[in-house]
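Working notes, structure below.
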Amino acid sequence: MRRHELADHEWELLAPLLPRAATGRPRVSDRQVLNGMVYKIRTGISWRDLPERYGLWKTVYTRFRRYALDGVFTRALQQVQAQADAAGDIDWLVQIDSTIVRAHQHAASTGPKGGSTVRTNRNDHALGRSRGGLTTKIHLACDGQGRPLAILITPGQRHDSVCAQPLLERIRVPRNGVGRPRCRPDHVIADKAYSSRGFRAYLRKRGIAQTIPEKTDQRRHRHNRGRRGGRPPAFDRQIYRRRNVVERCFNRLKGFRGIATRYDKTATSYEAAVSLASFLLWARSV
């Protein structure tokens, strides 16, 4: 096994989930092509610069794009989560947060040639403008061991609190046997960006415990209202100290250069790359 390629146990987890053609010409080995995808995401090089040992770059790219549209890497991530859940290896003390990723100039050209409609198409590909220029934001929910449970890709200027509910609703860990997928964490830890009445009410409605610090202006407003301001939300400092786990998860994801800087033009391809990187983090821990 070369550097930046799939280990044997990672290939064994991923191989059964790959679609296979019943007819047609013999094609390049799936493992060879997947190694090219992993190499590209890990190093951040252009598709055209892939080493020749992975075959034609266009073959690797075409199959990656096909897998991205088909949701292959998302299903692979759910499958490895299901195996960990069956073994009781998932810590359902879930942390949520987001990180901003700079978009390379090659990722910004998502509109038709001529440049007249690039701005109208930016949001369709999760490209937004913030202080750092064109950016994408990765919203992440991870378990208590720092492994991704759900991913949401949005434009860089999208506020965290707006995406908190859709992010939690993406948590879906299938059962290996009978039964519905598990979608509800035991506890959610988040920073002040997620301190909103709507999100707290959503967590209470679903029966999810929460540890979210209150914003200073919210605390002041509650004090000013006196008895009508209500009681302060519960906050456990000892539990909140574990929030650094999600930051360490981001650090491992950004060890993939193709994740730390976005080079993919479409949100579908970039989300597939993040899902593949997340799968590799899980495969190395189970």
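The values are calculated or read from the model by the stated rules, or taken from the named source; none is laboratory data. Here the structure is a predicted model, which is why all the values come from computation and not from measurement. For neighbour counting, all protein chains shown are included, and Cβ atoms are generated from backbone atoms with ideal geometry for every residue, glycine included. With ligands, DNA and RNA removed, areas are computed over all heavy atoms of the protein, side chains included. Shrake-Rupley method; radii C 1.70, N 1.55, O 1.52, S 1.80 Å.
Tabulated data for the structure shown
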read-out: Portion, in percent, of the accessible area of the chain that falls on carbon or sulfur, probe 1.4 Å; value: 47
read-out: Lys58 accessible area, 1.4 Å probe, all protein chains in place, Å² to nearest 10; value: 130
read-out: Rg/Rg_ref, the stretch 6-47, where Rg_ref = 2.2 N^0.38 Å and atoms are Cα; value: 1.31
read-out: In the chain, lysine pairs with alpha-carbon atoms under 16 angstrom apart (chain gap of 8 or more, or interchain); value: 8
read-out: P(r) histogram, all alpha-carbon pairs of the chain included - 10 Å bins from 0, percent; value: 6, 26, 31, 23, 10, 3, 1, 0
read-out: Accessible surface, the chain, averaged per residue in Å² (probe 1.4 Å); value: 53
read-out: The stretch 200-241 shape via C-alpha gyration tensor axes, a/c threshold 1.5; value: oblate
read-out: Accessible-area value, Arg204, 1.4 Å probe, nucleic acids and ligands omitted, Å²; value: 150
read-out: Bins of 5 Å, starting at 0 and running to the largest distance - Cα pair percent for the stretch 160-284; value: 2, 8, 14, 17, 18, 15, 12, 7, 4, 3, 1
read-out: Computed label-point distance, nm, for sites Lys58 and Ile100 using a 7 Å Cα→Cβ extension; value: 3.9
read-out: Whole-angstrom gap from the stretch 263-281 to the stretch 146-186, using each part's C-alpha centre; value: 16
read-out: Equivalent ellipsoid semi-axes, the stretch 1-82, via Cα gyration tensor eigenvalues times 5, rooted, Å; value: 19, 16, 13
read-out: Relative contact order computed over the chain (Cα-Cα under 8 Å; 6+ residues apart), in percent; value: 24
read-out: Amide N of the stretch 191-210 lying under 18 Å from the label point, which is placed 7 angstrom from the Cα of Arg237 along Cα→Cβ; value: 191-192
read-out: Beta bridges by DSSP in the chain, antiparallel share as percent, to the nearest 5; value: 70
